[in-house]
Amino acid sequence: MKDLRKSVAVVTGSGRGIGREIAISLSREGARVVVNVKKRPEDGMETLGRVKDNSDGILVQADVSTRDGCKKLKESALKMFGGVDILVNNAGTSIAMPFIDSDDALIEKTIKTNLLGPLYCSQEFAGAMGPGSIIINVSSLAGIRPMKYLSVYGITKFGIIGLTQYMALELSEKGIRVNAVAPSVVRTRMGESLLSMMKLNDEEYGRRYTLTGKIIEPEEVADAVLFLIRNESITGQTIIIDSGQMLMGPFSGEFI
Ligand SMILES: NC(=O)c1ccc[n+]([C@@H]2O[C@H](COP(=O)([O-])OP(=O)(O)OC[C@H]3O[C@@H](n4cnc5c(N)ncnc54)[C@H](OP(=O)(O)O)[C@@H]3O)[C@@H](O)[C@H]2O)c1
């Protein structure tokens, strides 16, 4: 999709962090943006205010880990803008924990939010999307290779890459492309909480675990998302944004 002006984009979990930056970047390109939060409308209003500096948008409160939440999001977007061209499955949850200690509530919440949600939302939106539309999934470096204490999170992020490829294969029949991004540690609440569990600050993380010497900024993930949206010859692919972390050996900081 070369020209995003007048397109309609839905970004799940865009009340803060990576989702917020993706929403703002899309609005700068002229896209109208549907901002989504689960339970913090004040966060969503802040993102929406930034979106409206550039284009138009709405805020929809919906839990996208459920089929009903994804339906509500789709219906609100269609009612307001009449169609959807871009879906970014960004909403996610993560907690670092040894595999053996991960309880059922954690397992179920993580799988519902990170894997079932993108599947439900993609089904709902793909049915309403026309040729030239695109779905972007947010995976993780933990979905490319295993990372200690991120097993439950990691399997959902491996799954998202599989979902991306399967959807690319089938949705091509409708002219829809599907791609993913897989970042390593990004400067957001989620990224900072991972580092604090590992007793690392940004500088130490950058020095010990990356080739570039720095944590990833959410804007850099948003740039990769825009690239995948624009390039009409890329589908079924995952872009890794990891500051070279994968070449640095295992990510084995000391957990509490
Ligand atoms: N930060 C990193 O280091 C990193 C690295 C690799 C991949 N990622 C992935 O990037 C994505 C965004 O992460 P982030 O770092 O921006 O996280 P974040 O700062 O924790 O923000 C996550 C956002 O998702 C929303 N959300 C969670 N569950 C939701 C649901 N069921 N329905 C609607 N919204 C929901 C949260 O809203 P509420 O507060 O309302 O729940 C929050 O606004 C996630 O998929 C994450 O796995 C992050």
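Numbers for the structure displayed
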quantity	calculated
The chain: C-alpha gyration tensor shape, a/c 1.5 cut-off, then a/b vs b/c	prolate
Under 12 Å, Cβ to Cβ, from residue 7 - net charge with Lys/Arg +1 and Asp/Glu -1	+1
Using a Förster distance of 22 Å, the FRET efficiency for residue 79-residue 28 (Cβ separation, nearest 0.05)	0.35
Pairs from 148/214; 72/148; 71/199; 112/174; 72/199 whose Cα-Cα separation, in the structure shown, is over 32 Å	72/148; 71/199; 72/199
All lysines inside 16 Å of residue 74 as judged from Cα atoms, apart from same-chain residues fewer than 8 positions distant	38
GluC sites (Glu not before Pro) restricted to DSSP loop in the stretch 167-256 with at most 11 other C-beta within 10 Å	232, 254
Heavy atoms of residue 248 accessible to a 1.4 Å probe, total area in Å² rounded to 10	70 Å²
Three-way shape label, the stretch 177-256, alpha-carbon gyration tensor, a/c 1.5	prolate
Net charge of Cβ neighbours under 10 Å - reference residue 222; Lys, Arg +1; Asp, Glu -1	-3
Solvent exposure, largest accessible area first (probe 1.4 Å, DNA, RNA and ligands not counted), of 202, 56	56, 202
Three-way shape label, the stretch 100-159, alpha-carbon gyration tensor, a/c 1.5	oblate
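The values are calculated or read from the model by the stated rules, or taken from the named source; none is laboratory data. Computed from a predicted model, the values in this text were never measured in an experiment. Positions of Cβ are backbone-derived with ideal geometry, glycine not excepted, and every protein chain shown enters the neighbour counts. For the accessible areas, the whole protein counts, side chains as well, though only heavy atoms, and no ligand, DNA or RNA atoms are used. Shrake-Rupley method; radii C 1.70, N 1.55, O 1.52, S 1.80 Å.
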